[in-house]
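J.: First the structure, which I've put down as structure tokens, then a few questions once you've had a look.
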Amino acid sequence: MSQIKVELLTAEHWFRVKELRLASLRDSPHAIGGNLEAESAQSESEWRAKFENLHYLIASVDGIDGAIMTVENLVGDFGATAWIGGCWSSPEFRGVGLLKAMLKFVDQHAQEKGWQRQGLGVWEDNHAAIAVYEKLNFVAMGEPKPSTRVSDKFYIRMIRDAPNL
């Protein structure tokens, strides 16, 4: 049986983040906000600087990095929220529970990190992702919102509260 490990990375691990982030943009540019060409050209210092505002989780299977998730602490219309973004799994590891493992990690560290309420945005036409998030107890909040990064695209905000562990 494969072993899944979830890690909260530091800026010292910027290269692992870069590799998965660029892989996500090559595989799923329609689902991931960002620009492959621009992000490919970023320097080490630019990648390290991203850790100032974002927490990066990586899930690995038997030592091979297979999924990435960012978490940003925000204060907004849902109160203090851990905003989950940049969530992606490598095609070879889809369906093995990496997203579930990363959200379990978020739940286990919710109190100390301020991640009790969790939110995310998902393209309104990404029905597969919406179904997965609903299985993980996220619920849609409000009407679809226009994207500020992709013209003519709308996203749905989804939210959940961390379970009491």
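Bear in mind that the values in this text are calculations on the coordinates, not laboratory data. Worth saying up front: this structure is predicted, and the values here are computed from it rather than measured. Don't worry about glycine lacking a Cβ; one is built from the backbone with ideal geometry, like all the others, and counts go over all protein chains shown.
J.: Which percent of Cα pairs goes in each bin when the distances of the chain are cut into 10 angstrom slices starting at zero?
T.: Per 10 Å bin, starting at zero, the Cα-Cα P(r) for the chain comes out as 10, 39, 40, 11, 0 percent.
J.: Right, here's the next one. Which of the lysines could a cross-linker bridge to LYS18, judged by Cα under 26 Å and excluding same-chain residues fewer than eight apart?
T.: LYS5, LYS50, LYS100, LYS104, LYS113, LYS153
J.: Now for a different question. Among the trypsin sites (Lys or Arg not before Pro) in segment 10-102, which ones are in a DSSP loop with at most 10 other Cβ atoms within 10 Å of the Cβ? Mind listing them? Let's see the in-between values first.
T.: On the way: sites: ARG16, LYS18, ARG21, ARG26, ARG48, LYS50, ARG94, LYS100; in loops: ARG94.
Qualifying residues, ordered by number: none.
J.: Then there's this: Can you sort GLU46, GLU37 from fewest to most other Cβ atoms within 10 Å of each residue's own Cβ? Please list the in-between numbers first.
T.: Numbers: GLU46 12, GLU37 7.
So the residues, fewest neighbours to most, are GLU37, GLU46.
J.: Give the cross-link partners of LYS145 among the aspartates and glutamates, using a straight C-alpha distance below 14 Å as the criterion and excluding same-chain residues fewer than 8 apart.
T.: Result set, ordered by chain and number: ASP77, GLU124, ASP125.
J.: Another question, then. Give the Rg/Rh ratio for segment 68-143, taking Rg as the radius of gyration of the Cα atoms and Rh as the Kirkwood radius, to two decimals.
T.: Numbers: Rg = 12.5 Å, Rh = 13.2 Å.
Answer for segment 68-143: 0.95.
J.: Could you go through segment 135-144 in sequence order and give the Karplus-derived ³J(HN,Hα) for each residue, using 6.51 cos²θ - 1.76 cosθ + 1.60 with θ = phi - 60°, rounded to whole Hz, and x for Gly and Pro?
T.: For segment 135-144, the Karplus-derived couplings read 5, 9, 6, 7, 10, 5, 10, x, 8, x Hz, x marking Gly and Pro.
J.: Neighbour counts of other C-beta atoms within 10 Å: give me SER90, SER28 arranged from fewest to most. Please report the intermediate quantities before stating the final value.
T.: Details: SER90 18, SER28 14.
Least to most surrounded, the residues fall as SER28, SER90.
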